[in-house]
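Here is the structure we will look at, set down as structure tokens.
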Amino acid sequence: MSEQAMKLRGRVVVVLPDNVDTDVIYPGRYLNITDREKTAEHLFELAYPDLRAALQPGDIILGGKNFGCGSSREQATAAVKFSGVGAVVAKSFARIFYRNSINLGLPVVTAQAVEARAGDELEIDLLAGRIANLTTGAVFDAAPLDPRAVELLEAGGLIPYLKRKHSYSGS
Amino acid sequence: MGMTLAEKILARASGRATVTPDQVVVARVDLALSHENADLVRKSFKEIGVARVWDPDKIVIILDHRVPAESEKTATTHKAIREFVREQGIRNFYDVGRGGICHQVLAENGHVQPGMVVVGTDSHTTTHGAFGAFAAGIGATEMAGVWTEGELWFKTPATMRIEVDGEFAEWVSAKDLILYIIGQLGADGADYRAVEFDGPAIRRLSVASRMVLANLSMEMGAKVAFTPVEEIAPDPGAHYERVIRIDATREVAEPQIACPHAVDNVKPLSALGNVPVEQAVLGSCTNGRLEDFEIAARILAGCRVHQRTRLIVIPASQRIYLEAMRLGYIQTMVEAGAMVNPPGCGPCVGVHQGILAAGEACVSSTNRNFLGRMGSKDSRVYLASPAVVAASAVAGRIAHPAEVTA
Ligand code: SF4
């Protein structure tokens with residue numbers, strides 16, 4: 001991601017409650033799917049079966065506290081990312097989900113008090129830690145991303161980051 | 001300034017004299033655990049493009065989630081992992097029939113030592129804090145990075161200390177204590193934190209029971225959790241973000257149940273009313289050990305599992321299976337009408353060996369009761385101690401062990 005791309009815009013596709021767990025995001029029965037793109041077919045399958053059809057590229061998921069709690073399954077993050085979601089904004093994230101997201105290049109933004117409804121258009125400045133609701137005109141604070149997270153997101157995730165690093169060093 | 005256990009271990013692993021909460025450090029990894037998702041890790045590792053893993057002797061791979069393979073797809077995954085293990089010279093590989101659930105196998109084979117930094121591609125890696133290790137769950141791509149570089153960045157967690165005093169009543173166990181704590185603190189009550197358990201009641205617990213506490217700490221968001229060990233201790237002046245004191249005698253006077261569909265939706269058993277159960281599960285990395293089978297066998301001896309209910313028993317490892325047979329626990333439970341599954345995760349993660357239909361309820365000694373975790377999204381899972389699981393299997397509804405043993 002370039003400096004420019006550390007700003008993103010998208011429509012809120014859904015507002016979810018607190019403690020959305022990884023089984024809700026991606027059911028355990030599909031854990032033997034190891035093709036990242038294919039995980040998208042089962043996003044929110046049990047809890048929010050209609051959501052997948054409503055998703056458009058770049059959409060933003062707005063979550064509550066402790067988003068992504070539970071399992072370490074990376075498929076939960078992959079399913080969100082490869083469904084075309086542009087970012088997840090939540091009051092807080094479970095730590096493994098957060099790290100998985102940065103590692104796969106999915107922007108995750110912690111913000112306490114965002115007021116938005118499904119359909120609202122948001123503009124997120126990842127570096128400054130600022131979220132504007134373009135529909136209502138309100139502006140909210142977000143936690144600015146850690147420099148390490150910025151580095152990984154800019155590289156497109158941990159794999160491209162390490163690929164570059166290790167091809168330079170020749171190891 | 002004194003350091004907590006988490007701070008001490010991270011300081012050593014990152015080559016510093018001290019670290020403080022929120023400080024980001026790059027730590028050397030002593031042990032890297034994976035299960036079937038080693039296949040995901042392998043794919044990411046291949047994409048990165050380095051030829052060899054950093055240290056094959058520090059990687060442990062244990063097949064447990066779908067053993068023996070329940071589908072051709074899983075069989076293919078298992079095969080790919082076996083090939084990778086051979087190619088990379090990874091000796092610590094536990095195949096079907098050689099191990100059991102990853103956390104149990106890692107522990108019982110002495111892979112974990114106090115003071116180690118352990119990472120695992122499984123959220124319940126926190127279990128190994130019962131052996132004094134800084135043990136945290138990570139994702140598959142991150143693990144590919146560990147396989148490549150042997151190190152990982154961590155934000156030093158603040159530490160929460162939980163001191164437990166008092167006596168456990170009859171039929172009350174470590175499982176009830178930790179469910180109670182999760183109920184009090186909430187599913188994010190220890191988010192990003194290290195948790196140190198201590199106090200007289202903790203020090204009287206068996207190693208298996210301490211593993212239960214460290215294991216379930218994950219369900220309140222803990223990054224790592226510790227129970228006391230002799231080899232390494234927090235400094236006397238260590239700073240705690242929060243200290244919680246619990247009197248087990250008064251606060252955890254009876255079995256605790258986590259009701260659907262959240263682990264923090266905890267109620268004392270007496271507040272539950274009549275909850276019929278179609279299935280009872282005794283097993284998992286939380287409660288599939290010898291002491292769990294001992295108490296269940298004691299309750300089931302001479303009883304029959306209720307006709308409404310199926311009791312599924314899963315030893316956490318081959319070793320536990322053998323020992324439980326030798327001690328007669330398996331015999332007692334099978335005579336009571338239990339079905340024994342092979343060592344592994346079984347129905348805990350909802351892929352095979354005991355899936356629930358719509359409308360069914362299950363009482364389980366496992367650690368998650370999320371929507372659809374064990375099958376249909378219209379099924380319900382109640383988390384409980386092994387004693388309550390056994391008693392409920394006999395009663396056909398969630399029951400106090402005293403009811404069926406009186
Ligand atoms: S027993 Fe359940 S919680 Fe434990 S490792 Fe297996 S699937 Fe995960």
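The values are calculated or read from the model by the stated rules, or taken from the named source; none is laboratory data. Quantities reported herein were computed from a predicted structural model and do not represent experimental measurements. Cβ placement follows ideal geometry from the backbone for every residue including glycine, while neighbour counts extend to all protein chains displayed.
Among the residues of region B:187-212, the one identified as surrounded by fewer than 19 Cβ atoms within 10 Å (Cβ to Cβ) and closer than 30 Å to A:VAL20 by Cα is B:TYR192.
The residues of region B:81-92 that are assigned to a helix (DSSP H, G or I) and either within 10 Å of chain A (Cβ to nearest Cβ) or in contact (Cβ under 8 Å) with a residue 12 or more places away in the chain (or both), listed by number, are B:ILE81, B:ARG82, B:PHE84, B:VAL85, B:GLN88. Filtering region A:119-136 for residues that are among the β-branched types (Val, Ile, Thr), over 28 Å from A:THR34 (Cβ atoms) and free of Cβ contacts under 8 Å to residues at least 40 places away in the same chain leaves a non-empty set. When residues in region A:105-121 are screened for being in a loop (DSSP other than H, G, I, E, B) and within 26 Å of B:VAL224 (Cβ to Cβ), 2 of them pass. So, of the residues in region B:270-307 that are assigned to a strand (DSSP E or B) and surrounded by 21 or more Cβ atoms within 10 Å (Cβ to Cβ), which turns out to be nearest to the ligand (Cβ to nearest atom)? Checked region B:270-307; the qualifying residue nearest to the ligand (Cβ to nearest atom) is B:VAL281.
Within region B:100-119, the set of residues being part of a strand (DSSP E or B) and either within 9 Å of the ligand (Cβ to nearest atom) or over 20 Å from B:ARG12 (Cβ atoms) (or both) comprises B:GLY100 only. Can you find even one residue in region B:11-24 that is crowded, with 23+ Cβ neighbours inside 10 Å, at pLDDT 95 or above and under 26 Å from the mean Cα position of the chain (by Cα)? No, there is no match, as no residue in region B:11-24 is crowded, with 23+ Cβ neighbours inside 10 Å, at pLDDT 95 or above and under 26 Å from the mean Cα position of the chain (by Cα). Going through (1) in contact with a Leu (Cβ under 8 Å, 6 or more places away or on another chain); (2) surrounded by fewer than 22 Cβ atoms within 10 Å (Cβ to Cβ) one by one, A:ARG73 falls short only on (2). Would you confirm whether any residue within region B:237-257 is modelled with pLDDT of 95 or more and within 14 Å of chain A (Cβ to nearest Cβ)? No, region B:237-257 contains no residue that is modelled with pLDDT of 95 or more and within 14 Å of chain A (Cβ to nearest Cβ). Within this structure, A:ARG99 passes the test of being within 9 Å of chain B (Cβ to nearest Cβ) and away from the ligand (no atom under 16 Å from the Cβ). Every listed requirement among (1) at the interface with another protein chain (Cβ under 8 Å from one of its Cβ atoms); (2) within 30 Å of B:LYS43 (Cα to Cα) is met by B:PHE154 save one, (1). The strands (runs of 3 or more DSSP E) located wholly in region A:1-104 that include 3 or more residues which are at pLDDT 95 or above and within 11 Å of the chain's Cα centre (by Cα) occupy A:60-62, A:87-90. Within region B:44-80, restricting attention to residues that are touching a strand residue (DSSP E or B) at 6+ places or on another chain (Cβ under 8 Å) and more than 16 Å from the ligand (Cβ to nearest atom), which residue is nearest to the other protein chains (Cβ to nearest Cβ)? Ranking the candidates gives B:VAL53 first.
Residue-wise test of (1) under 25 Å from the mean Cα position of the chain (by Cα); (2) assigned by TED's automatic domain parsing to the domain that holds B:PRO315; (3) under 26 Å from B:THR156 (Cβ atoms).
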| residue | (1), (2), (3) |
| --- | --- |
| B:LYS8 | yes, no, yes |
| B:ASN37 | yes, no, no |
| B:ARG52 | no, no, no |
| B:LEU63 | yes, no, no |
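In region A:62-90, of all residues being of a type in the set (Lys, Arg) and closer than 23 Å to B:ASN369 by Cα, the one that is nearest to the other protein chains (Cβ to nearest Cβ) corresponds to A:LYS65.
So, B:GLU151, is that one at pLDDT 95 or above, within 15 Å of the ligand (Cβ to nearest atom), within 26 Å of B:VAL229 (Cα to Cα) and surrounded by fewer than 23 Cβ atoms within 10 Å (Cβ to Cβ) or not? Here the answer is no, as B:GLU151 does not meet what is asked. Of the residues in region B:174-184, at least one is more than 30 Å from B:GLN23 (Cβ to Cβ), among the hydrophobic types (A, V, I, L, M, F, W, C), in contact with a strand residue (DSSP E or B) (Cβ under 7 Å, 6 or more places away or on another chain) and buried (at least 24 other Cβ atoms within 10 Å of the Cβ).
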